[in-house]
Structures are given as C-alpha cells and as structure tokens.
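Just so you know, all these numbers are worked out from the coordinates, no wet-lab data involved. Predicted model only: the values in this text are computed from it and were never measured. For neighbour counting, all protein chains shown are included, and Cβ atoms are generated from backbone atoms with ideal geometry for every residue, glycine included.
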Amino acid sequence: MRKLFFSTIIFGTTLLFFNSCSTTKKTTSTTTTGTTFTYTKDVKPIIDENCGTKCHSAEKKADGIDLSNYASVKKESLKGDLLAAIQHAEGYKPMPKKADKLSDENIQIIASWINSGAIE
C-alpha cells in the first residue's frame, strides 16, 4: 500500500513537471512581443531578401527548394529544415549559403511564425 502511494505521488509529480515545461516552452516560443507574425507582412521580406530571389527562386530551386511563394515556404518550414538551416543547427547546411547568418531578430520572427501555424 505504501509503495502504491509513493508511486502515485512520484508519477503525478513527474507528469505535472513535464506538462508545465511543455506549456511554458510553447507559450514563450509563439511570439517575441505578443505580435502575430504573418508570411506576407513579416516573413516574405526576409525570405525574398536572403533566399527566395537568389538561390531558391522558382527558376533556380537550389537543392530542389523553392522559397518564392507562401505555399512553398510553408511546406519547407513545417518540415523543420528551414528553421534548422537558418539557425545553423548541427547536422544542417547553414543558410544562407553565400551570405552572413540571418539576424537573431529575423530568425525569431520566422520561428515565431512557424510556431504560430505559419499563417499567410
């Protein structure tokens, strides 16, 4: 009986701990300033300046990736590779390839947009 009581307490505490961590992470990564970012207003200018009109245009499609329109950027973003590449995460090709890394602010805008559902 005593083992069951302690097991229940440990299980409940562990569940509560992991649930609170998950909720906190989700809330803080959605936006940086309470702003909802959109593709057209916030993400497209960043992509166009750094990726979509250079190497990943509809014509060039470097590595088969087209970042010239909303549908294509959303598709690549939801796969997870786009964010990892611009963050220069280990195991991914750092992007943009022939330019400086995007600013932390631009990376956060794109990350927040993705985490908010990649709305147009």
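Numbers for the structure displayed
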read-out: In the stretch 64-111, the trypsin sites (Lys or Arg not before Pro) that fall in loop regions by DSSP, at most 11 other Cβ within 10 Å; value: LYS98
read-out: Phi to ³J(HN,Hα) by Karplus 6.51 cos²θ - 1.76 cosθ + 1.60 over the stretch 98-113, Hz, x for Gly, Pro; value: 10, 8, 5, 4, 4, 5, 4, 5, 5, 5, 5, 4, 5, 4, 5, 4
